[in-house]
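Heads up: the structure comes next, in structure tokens.
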């Protein structure tokens, strides 16, 4: 069931991200869940993310892609529409990243959360120069391995 609300976009201290607080009435529709995968729109622009408590109650954060697509910035009051996202969250792994990973690396990558997999791939895809892309692939693999070692 779709939930709609209006909210003021708040800045996140020290970073360029922005968020909205999710009203209790909206969260009640998703009870008993605290972290809720959602699909929705902000000012008509479609996005997928997770409602999470970022230290001040349930919030929806908007990354650079959403901010640009929706033409939103901190301080604006926006229309938000959300519903439970039941679709499987998959990330298409670029061929050069897949080729650089061992079978063990790929298994580690596949165990990462959707968000972390998406962030690694997005950083690689956003590279403008081939050497930057190669450096980001190496960094992603190093981070995947380091995360596995820390467990």
Residue hits (the range 57-76; at pLDDT 90 or above and touching a helix residue (DSSP H, G or I) at 6+ places or on another chain (Cβ under 9 Å)) are 57, 58, 62, 72, 73
Scan the range 94-114 for residues that are within 28 Å of residue 61 (Cα to Cα) and surrounded by fewer than 14 Cβ atoms within 10 Å (Cβ to Cβ) and jot them down. 110, 111, 113
Among (1) under 26 Å from residue 16 (Cα atoms); (2) under 21 Å from the mean Cα position of the chain (by Cα); (3) at pLDDT 95 or above, the one test that residue 134 misses: (2)
Among 41, 50, 4, which is the only one that is assigned to a strand (DSSP E or B), closer than 29 Å to residue 141 by Cβ and in contact (Cβ under 8 Å) with a residue 12 or more places away in the chain? 50
Answer residue from the range 74-93, given it is in a strand (DSSP E or B) and under 21 Å from the mean Cα position of the chain (by Cα) and is surrounded by the fewest Cβ atoms within 10 Å (Cβ to Cβ) among those: 79
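The values are calculated or read from the model by the stated rules, or taken from the named source; none is laboratory data. Only a predicted model underlies this, so the values are computations on that prediction, with no experimental measurement involved. Every residue, glycine as well, gets a Cβ built from its backbone with ideal geometry; the counts of neighbours run over all protein chains shown.
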